[in-house]
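The values are calculated or read from the model by the stated rules, or taken from the named source; none is laboratory data. Owing to the predicted nature of the structure, the values given are computational and were not obtained by experimental measurement. Every residue, glycine as well, gets a Cβ built from its backbone with ideal geometry; the counts of neighbours run over all protein chains shown. Remember, those area values only see protein heavy atoms, side chains included, never the ligands or the DNA or RNA. Shrake-Rupley method; radii C 1.70, N 1.55, O 1.52, S 1.80 Å.
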Amino acid sequence: MQIRPYEPRDRARMREICLATATPRVYEDAALRTWILLMYNDYYTEREPSTCFVAANDADEAVGYVISAPDYARYRLRFLPYLPRIWRCSHSAARFWLFHQVEGRFAREYPAHLHIDILPEYQRLGLGHQLIDTLLSALRAKGVRGVMLGCGKNNEKGNSFYKKYGFMRLGEASGTVLWGIRP
């Protein structure tokens, strides 16, 4: 296994991983699939590739990734072209804006945010730590002073991982726990 920078050839595989690690409902709901890909993958690989990293297997195929936007204010502006597609997923548009309003309260101290996904069969091998270590190093080199993320309140494995890694619980909104850490 290796951790390496994202390359455009990883995009399709990362989209597969994003959906494979999402709620099982994603396969029954095309709007939900679109929303998940826009929110948790496409924006980052298209607009923030320098802060995207891949965990690759021996065949150099992505099995997990961490993606980030290093500047929350810039992210909000750069995400605007994605909004028409988000709004078409009407069941999730309100959730998107609610979460980003809450997330925005912490943006001064934690201007970056991240998302991480690893295929289940590659979890618990240390890849999550390695991916976040790599991202935090890259963010530190850019002078970023804090990074946050949201994790579903009922995602016990995820919340336990973030706590064990050293993230601080910042708050909770709309069934999502916000975590923050200094690089």
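So here's what we get for this one:
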read-out: Residue in the range 15-35 that is in contact (Cβ under 8 Å) with a residue 24 or more places away in the chain, part of a helix (DSSP H, G or I) and more than 19 Å from I86 (Cα to Cα) present; value: yes
read-out: Residue satisfying condition, being open to solvent by 10 Å² or more (accessible area, probe 1.4 Å) and either under 23 Å from S137 (Cα atoms) or modelled with pLDDT of 80 or more (or both), within set Y65, Y43, Y72, Y27; value: Y72
read-out: Condition met for W87 (modelled with pLDDT under 90, open to solvent by 30 Å² or more (accessible area, probe 1.4 Å) and either closer than 18 Å to D117 by Cα or in a helix (DSSP H, G or I) (or both)); value: yes
read-out: Qualifying positions in the range 128-156 - in contact (Cβ under 8 Å) with a residue 24 or more places away in the chain and assigned to a loop (DSSP other than H, G, I, E, B); value: K142, V144, R145, G146, K153
read-out: Some residue of the range 91-106 being open to solvent by 50 Å² or more (accessible area, probe 1.4 Å), at pLDDT below 85, assigned to a helix (DSSP H, G or I) and closer than 23 Å to G128 by Cβ; value: no
read-out: Whichever residue in the range 1-19 is closer than 14 Å to L131 by Cα and open to solvent by 70 Å² or more (accessible area, probe 1.4 Å) and, among such residues, is nearest to the chain's Cα centre (by Cα); value: P5
read-out: Single condition Y122 does not satisfy, out of (1) under 21 Å from I17 (Cα atoms); (2) in contact with a Gly (Cβ under 9 Å, 6 or more places away or on another chain); (3) buried (at least 21 other Cβ atoms within 10 Å of the Cβ); value: (3)
read-out: Near pairs, Cβ below 7 angstrom, 6+ apart or cross-chain, from the range 70-81 (more than 14 Å from M148 (Cβ to Cβ)) to any residue that is buried (at least 17 other Cβ atoms within 10 Å of the Cβ) and among the aromatic types (F, W, Y); value: F79/Y43
read-out: Among (1) over 12 Å from the mean Cα position of the chain (by Cα); (2) assigned to a helix (DSSP H, G or I); (3) under 27 Å from E61 (Cβ atoms); (4) of a type outside the set (D, E, K, R) - the single one L125 does not satisfy; value: (2)
read-out: Count of the range 135-158 residues which are crowded, with 18+ Cβ neighbours inside 10 Å and under 16 Å from Q2 (Cβ atoms); value: 2
read-out: Which numbered condition I132 fails, given (1) open to solvent by 10 Å² or more (accessible area, probe 1.4 Å); (2) under 16 Å from the mean Cα position of the chain (by Cα); (3) of a type in the set (V, I, T); value: (1)
